[in-house]
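Enquirer: Let me begin by handing over the structure; questions about it come next.
The values are calculated or read from the model by the stated rules, or taken from the named source; none is laboratory data. Note that the structure is predicted; figures quoted are calculated from it, not measured. Cβ coordinates were reconstructed from backbone atoms using ideal geometry, including for glycine residues, and neighbour counts include every protein chain displayed.
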Amino acid sequence: MGETTERTRTVVWQDPLPGADAARELSGLEYLRAIANGDLPAPPIADLMGFDLSEIEEGRAVFECMPAEYHYNPIGTVHGGLACTLFDSAMGCAVHTMLPASVGYTTVELKVNFLKPITAETGRLLCEGKTIHVGGRIATAEARLYDEGGKLYGHASTTCMIFRESSKERSVGESRR
């Protein structure tokens with residue numbers, strides 16, 4: 001057995017609850033712009049995995065990440081979970097940009113195609129998510145993961161469920177106040 005060299009990484013994040021509270025008051029686009037501008041804290045998963053929301057507009061979100069050794073799996077390449085997290089984030093946020101205040105969503109299905117291995121030498125990755133359809137209860141989106149030279153590393157699609165408060169739920173909630 002060879003000699004091992006220990007490495008460390010410290011992760012620091014901010015309390016996510018103020019951001020979650022703000023999400024109820026702002027449209028999805030306003031909320032995500034506030035995160036991208038640094039007015040609201042990034043979610044802890046972004047700090048843990050080392051990625052950032054770099055572009056946001058209606059129906060589109062772009063995340064960026066520098067793959068690093070701490071993303072590696074046991075066979076010496078970046079774990080597919082990093083790409084899946086980028087895909088889920090980009091597509092979910094693209095959907096979120098289309099939603100009004102206090103309307104939530106969650107991923108129901110995620111389909112990923114890995115095309116090339118990613119390593120620390122790959123360089124900066126961009127994951128661009130775009131909506132395909134946003135309806136009353138279901139939204140779909142797609143994403144591409146590529147390097148700065150435009151080389152494609154994977155693509156994905158998702159189905160999200162949208163949570164809209166019905167007028168019946170609203171009147172019941174208001175009567176409890």
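Enquirer: Filter the stretch 46-69 down to the residues that are out of contact with any Ser or Thr (no Cβ under 8 Å at 6 or more places or on another chain) and among the acidic types (Asp, Glu), then identify the one that is farthest from residue 10 (Cα to Cα).
Expert: Looking at the filtered set, the residue picked out is 55.
Enquirer: Still on this model: Identify, please: which residue in the stretch 121-137 is of a type outside the set (Ser, Thr, Tyr) and over 25 Å from residue 27 (Cβ atoms) and is, among those, nearest to the chain's Cα centre (by Cα)?
Expert: My answer is 125.
Enquirer: Search the stretch 18-72 for residues being hydroxyl-bearing (Ser, Thr, Tyr) and within 16 Å of residue 105 (Cα to Cα), and hand back the single one that is surrounded by the fewest Cβ atoms within 10 Å (Cβ to Cβ).
Expert: Here the answer is 27.
Enquirer: Step by step: first the residues of the stretch 2-32, then only those that are aliphatic (A, V, I, L, M) and assigned to a helix (DSSP H, G or I), then the one that is farthest from residue 93 (Cα to Cα). Which residue is that?
Expert: By that ranking, first place goes to 17.
Enquirer: Can you pull out the residues in the stretch 106-120 that are under 13 Å from residue 79 (Cα atoms) and either out of contact with any strand residue (DSSP E or B) (no Cβ under 8 Å at 6 or more places or on another chain) or among the aliphatic types (A, V, I, L, M) (or both)?
Expert: Hits for the stretch 106-120 are 118, 120.
Enquirer: From the list 35, 118, 75, which residue is in a loop (DSSP other than H, G, I, E, B) and either without any contact (Cβ under 8 Å) to a residue 40 or more places away in the chain or within 25 Å of residue 165 (Cα to Cα) (or both)? Please lay out each step first, then the result.
Expert: Values: 35 fails: in a loop (DSSP other than H, G, I, E, B); 118 fails: either without any contact (Cβ under 8 Å) to a residue 40 or more places away in the chain or within 25 Å of residue 165 (Cα to Cα) (or both).
Only one candidate qualifies: 75.
Enquirer: Kindly indicate whether residue 140 is within 14 Å of the chain's Cα centre (by Cα), hydroxyl-bearing (Ser, Thr, Tyr) and either in a strand (DSSP E or B) or surrounded by 15 or more Cβ atoms within 10 Å (Cβ to Cβ) (or both). Let's see the steps before the verdict.
Expert: Details: within 14 Å of the chain's Cα centre (by Cα): no; hydroxyl-bearing (Ser, Thr, Tyr): yes; either in a strand (DSSP E or B) or surrounded by 15 or more Cβ atoms within 10 Å (Cβ to Cβ) (or both): yes.
Against the criterion (within 14 Å of the chain's Cα centre (by Cα), hydroxyl-bearing (Ser, Thr, Tyr) and either in a strand (DSSP E or B) or surrounded by 15 or more Cβ atoms within 10 Å (Cβ to Cβ) (or both)), residue 140 does not qualify.
Enquirer: So in the stretch 79-115, with the set limited to residues that are farther than 26 Å from residue 25 by Cα and in a strand (DSSP E or B), which one is nearest to the chain's Cα centre (by Cα)?
Expert: Within the stretch 79-115, the match that is nearest to the chain's Cα centre (by Cα) is 110.
Enquirer: Shifting gears a bit: Working only within the stretch 85-103, note down all residues that are surrounded by fewer than 16 Cβ atoms within 10 Å (Cβ to Cβ) and modelled with pLDDT of 95 or more.
Expert: Keep residues of the stretch 85-103 that are surrounded by fewer than 16 Cβ atoms within 10 Å (Cβ to Cβ), which gives 100-102.
Within the stretch 85-103, 100, 101 meet the criteria.
Enquirer: Show the residue pairs that are 6+ apart or on different chains and have beta-carbon atoms under 7 Å apart, the first residue being within the stretch 7-24 and farther than 12 Å from residue 35 by Cβ and touching a residue at least 60 places away in the same chain (Cβ under 8 Å), the second being assigned to a loop (DSSP other than H, G, I, E, B) and not aromatic (Phe, Trp, Tyr).
Expert: Sorted first by the residue in the stretch 7-24, then by its partner, the pairs are 24/101; 24/102.
Enquirer: Here's a follow-up. Return the pairs, sorted by first residue and then second, in which the second residue is polar (S, T, N, Q) and assigned to a strand (DSSP E or B), the first residue lies in the stretch 125-143 and is closer than 13 Å to residue 106 by Cα, the beta carbons are less than 6 Å apart, and the residues are 6+ apart or on different chains.
Expert: Listed by first residue and then by second, the contacts come to 140/159; 141/131; 141/158.
Enquirer: Somewhere in the stretch 57-68, is a residue free of Cβ contacts under 8 Å to residues at least 24 places away in the same chain and either hydroxyl-bearing (Ser, Thr, Tyr) or outside any loop (DSSP other than H, G, I, E, B) (or both)?
Expert: Looking for residues that are free of Cβ contacts under 8 Å to residues at least 24 places away in the same chain and either hydroxyl-bearing (Ser, Thr, Tyr) or outside any loop (DSSP other than H, G, I, E, B) (or both), one finds none in the stretch 57-68, hence no.
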